[in-house]
Amino acid sequence: MKKVTSILAGASLLLLLVVNGCKKEETAVAPPLPGNEFLTTVKLVCTNAGDPADIKTVSVKAIDGQPVDYSNATLNLKKNSTYNVGVFFLDDTKTPAGDVTPDIKARQNYHLICFVVTGANLTVTRTDLDTNTPALPIGLTDKFTTVGVSTGSLNVQLRHQPNAKNGDCAPGSTDADVDFPINIIN
């Protein structure tokens, strides 16, 4: 009986060693980060908060291999006004043109829209926040506030910042970078 017990104990030990020896090390694989969006057009829709009939829509289109289209880019805003602004991103290589804005909204924790005003009496305030902790601005909806008559430019950049978004424009890469001529008028 002792022999049978010893044989069973030895066989069990051998089986245990074989099973454990065949296990592969499990390594956690991080999901791939989303890549940059393919964009051809940046569009701004500006609605005067004090005069809802005063709506300005401008866009800059840049398709590879073609000259940049600034034919609808000049933004004329009234002085001493506040505008509610929506920023939209399109892919005009599709027919019909594809609106990429919902994709950017869905990936809001990876994106930041940056604005740089040069020369014009304009202040830009982002009004939407993502779901990061703490919540950080996105820039798909904004307030543009004007004061005196002036001219200048507005640079709009969509920054792609997976795992780097901190509210600052520096981290990440650029999905879009366009300039809008701007006039603050009477």
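Side notes on the structure shown:
- Efficiency of FRET from Cβ geometry, ASN80 and ALA135, R₀ 41 Å, rounded to 0.05: 0.85
- Potential extension, ASN163-ASP69 segment - 0.36 nm per residue separation minus Cα distance: 30.5 nm
- Take the Cα of ASN186, step 7 Å toward its Cβ, do the same at THR174, and the gap between the two points is 3.8 nm.
- Using a Förster distance of 22 Å, the FRET efficiency for LYS94-ILE55 (Cβ separation, nearest 0.05): 0.30
- Heavy-atom accessible area per residue - the stretch 27-186, 1.4 Å, Å²: 50
- Residue pairs, from the table LYS43/LYS165; LYS105/LYS165; LYS61/LYS94; LYS56/LYS79; LYS79/LYS143; LYS56/LYS143, whose Cα atoms sit over 19 Å apart: LYS43/LYS165
- Proximal aspartates and glutamates to LYS78, defined as alpha-carbon separation beneath 17 angstrom and excluding residues fewer than eight positions away on the same chain: ASP51, ASP54, ASP142
- Positive minus negative residues near LEU44 (Lys, Arg vs Asp, Glu; Cβ under 11 Å): +1
The values are calculated or read from the model by the stated rules, or taken from the named source; none is laboratory data. Just so it is clear, the structure is predicted and the values come from calculations on it, not from any experiment. Heads up, the Cβs are rebuilt from the backbone with ideal geometry, glycines too, and the neighbour counts pull from every protein chain shown. Keep in mind that these areas ignore ligands, DNA and RNA; they rest on the heavy atoms of the full protein, side chains included. Shrake-Rupley method; radii C 1.70, N 1.55, O 1.52, S 1.80 Å.
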